[in-house]
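Here is the structure we will look at.
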Amino acid sequence: MKIIVAGDGQVGRAVTRQLSREGYDLTVIDPNPEVLAASETRYDVMIVQGNAATMGTLRTAGVESADLLIAATSADEVNLLCCLTARKMNPSIHTIARVRNPEYTEQQFAMREELGLSMTVNPEKVAAEEIYRTLQIPAFVGRDTFAKGKVEIVELEVRADSKLAGVPLNQLNQIVGVKVLVCAVTRDEETVIPNGSYVIQPGDHIHVTAQADKLARFMKNLKISTHPVNSVLVIGGGRVGFYLTQLLLAGGMNVKIIEENYDRCVELATAFPKASVYHGNGTSQKVLDTEGIEHADAVVTLTGSDEENLIVSMYANQLGVKKVITQITHMEHTAMFEKMGAGTMVVPKDLCSAHIVRYVRAMYNQTGEMLALHRVAGERVEAMEFRVDENVRYCGIPLKDIPLRKNILLASVSRRGEPVIPDGSTAFQPGDTAIVVASDIQPPIRQMNDIFAR
């Protein structure tokens with residue numbers, strides 16, 4: 001499959017990194033020769049210097065024979081024009097545009113066909129939605145939803161006083177009193193897909209698959225609070241802060257925003273009269289104390305600087321704030337920041353990249369089509385949802401008799417909308433959906449048949 005990535009910024013580079021790893025034929029367009037040279041050196045890609053919205057540049061990049069164009073420049077207007085031009089030159093091409101400005105939301109849906117859009121992505125909106133999901137049950141380090149909201153994979157840190165400490169996984173359901181599945185464990189920066197004899201230890205981060213309606217019982221039996229937060233202090237009123245405030249207010253939460261730019265404060269106060277907007281430096285201890293950081297149920301740091309976000313998050317943790325969420329711009333910071341007390345970390349460009357990669361894999365082959373893709377455990381594990389069709393092998397065969405590739409786990413099977421956590425006797429059938437968890441898999445999984453060893 002031939003793919004053109006227009007824009008070699010943060011989102012474009014994240015997409016290029018992942019798709020190059022998966023072996024697609026990639027061409028990257030950007031006006032900056034130094035940025036292009038870095039990508040050419042790092043990844044197996046062709047490069048074209050120029051304006052991606054012009055016919056000449058797109059023709060040089062081979063748009064007339066390409067299967068997909070991903071427009072991820074820093075300008076929404078350029079991305080939209082790029083997709084429109086590409087579709088004019090190649091009516092069969094699929095197009096994905098990054099559109100960040102909330103003012104364009106209505107147009108991009110009403111004029112999708114006219115603009116030649118197959119899909120739009122908004123990294124900031126995706127990040128806000130991820131943060132909002134996490135805030136609903138603050139005990140979760142991370143939370144991903146599948147099967148139309150009926151199955152979740154949640155991340156929990158096992159503390160020394162937890163009932164799970166020292167428990168082998170084959171005894172887990174007896175301890176928690178409800179059927180769940182630990183699909184991945186992170187210990188000392190190493191992530192594994194465990195078997196039944198694996199013993200959970202304090203400090204482990206476990207990723208638990210459960211039916212959504214069973215999570216409350218699971219948490220109650222572990223004596224972990226399930227109450228959502230009521231008051232949120234947001235540091236930084238940029239696009240993520242804007243989208244997050246919309247969600248928080250709609251969810252009935254009290255929101256206070258600290259923003260350094262006065263004009264932006266006025267915009268936010270006008271857009272959200274029910275929120276408290278404070279003009280000041282959100283990294284100043286005096287400002288944070290004045291605005292009652294220690295009394296907030298949750299603190300979300302969304303400035304443009306990873307280092308500033310970390311400093312504020314560490315301070316919030318020191319004060320005992322119940323939930324701390326840190327926005328990270330550079331993925332390479334996550335392992336270090338995790339050790340330093342950043343709390344739950346959100347990386348907008350990588351969340352956006354996961355949406356795009358899911359679309360690309362679905363294009364590649366429609367047998368056992370991928371419906372959802374989430375990366376967990378710091379991108380070390382992929383959780384994927386597939387539609388089981390008549391071309392998927394081993395339908396009707398018990399799982400204990402199916403040869404799965406190494407480091408793959410079937411975490412859930414849903415039939416007629418009702419999910420089950422599988423055991424060895426479970427079998428999937430055409431029409432089902434299945435959630436698969438995989439770690440360190442090459443070649444990558446693009447369709448459900450790719451999970452089988454033969």
- line: Picked from the range 158-176 (must be assigned to a loop (DSSP other than H, G, I, E, B) and not small (Gly, Ala, Ser)), the residue nearest to Thr134 (Cα to Cα) is Val158
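Mind checking which residues of the range 318-349 are modelled with pLDDT of 85 or more, part of a helix (DSSP H, G or I) and within 17 Å of the chain's Cα centre (by Cα)?
Here is the first cut: in the range 318-349, the residues modelled with pLDDT of 85 or more are 318-329, 344-349.
Then drop every residue that is not part of a helix (DSSP H, G or I), which leaves 318, 348-349.
Hits for the range 318-349 are Pro348, Lys349.
For residues that are outside any loop (DSSP other than H, G, I, E, B) and of a type outside the set (Ser, Thr, Tyr), tally how many sit in the range 93-111.
Result for the range 93-111: 11.
Can you tell which of Phe242, Phe218 is in contact with a helix residue (DSSP H, G or I) (Cβ under 6 Å, 6 or more places away or on another chain), assigned to a helix (DSSP H, G or I), touching a residue at least 40 places away in the same chain (Cβ under 8 Å) and of a type in the set (A, V, I, L, M, F, W, C)? Give the derivation first.
Values: Phe242 fails: in contact with a helix residue (DSSP H, G or I) (Cβ under 6 Å, 6 or more places away or on another chain).
On inspection, the qualifying residue turns out to be Phe218.
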message: Looking at the structure I just gave you, is Leu404 surrounded by fewer than 22 Cβ atoms within 10 Å (Cβ to Cβ), under 26 Å from Ala212 (Cβ atoms) and out of contact with any Lys or Arg (no Cβ under 9 Å at 6 or more places or on another chain)?
response: yes
field: Evaluation of Glu106 against (1) at pLDDT below 90; (2) under 28 Å from Lys323 (Cβ atoms); (3) surrounded by fewer than 17 Cβ atoms within 10 Å (Cβ to Cβ) (one fails), failing number
entry: (2)
task: Answer yes or no: is there a residue in the range 76-83 that is touching an Asp or Glu at 6+ places or on another chain (Cβ under 8 Å) and more than 20 Å from Val357 (Cβ to Cβ).
output: no
- prompt: Just wondering, is there one or more residues in the range 97-118 that are closer than 13 Å to Ile4 by Cβ and without any contact (Cβ under 8 Å) to a residue 40 or more places away in the chain?
  reply: yes
task: Would you check which residues across the range 223-232 are surrounded by fewer than 18 Cβ atoms within 10 Å (Cβ to Cβ) and outside any strand (DSSP E or B) and list them?
output: Lys223, Ile224, Ser225, Thr226, His227, Pro228, Asn230
Candidates Glu155, Glu129, Glu114 - the one that is part of a helix (DSSP H, G or I) and touching a Phe, Trp or Tyr at 6+ places or on another chain (Cβ under 9 Å): Glu129
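The values are calculated or read from the model by the stated rules, or taken from the named source; none is laboratory data. None of these values were measured; they are calculated from a predicted model. Here the Cβ is made from the backbone with ideal geometry for all residues, glycine too, and neighbour counts use every protein chain on show.
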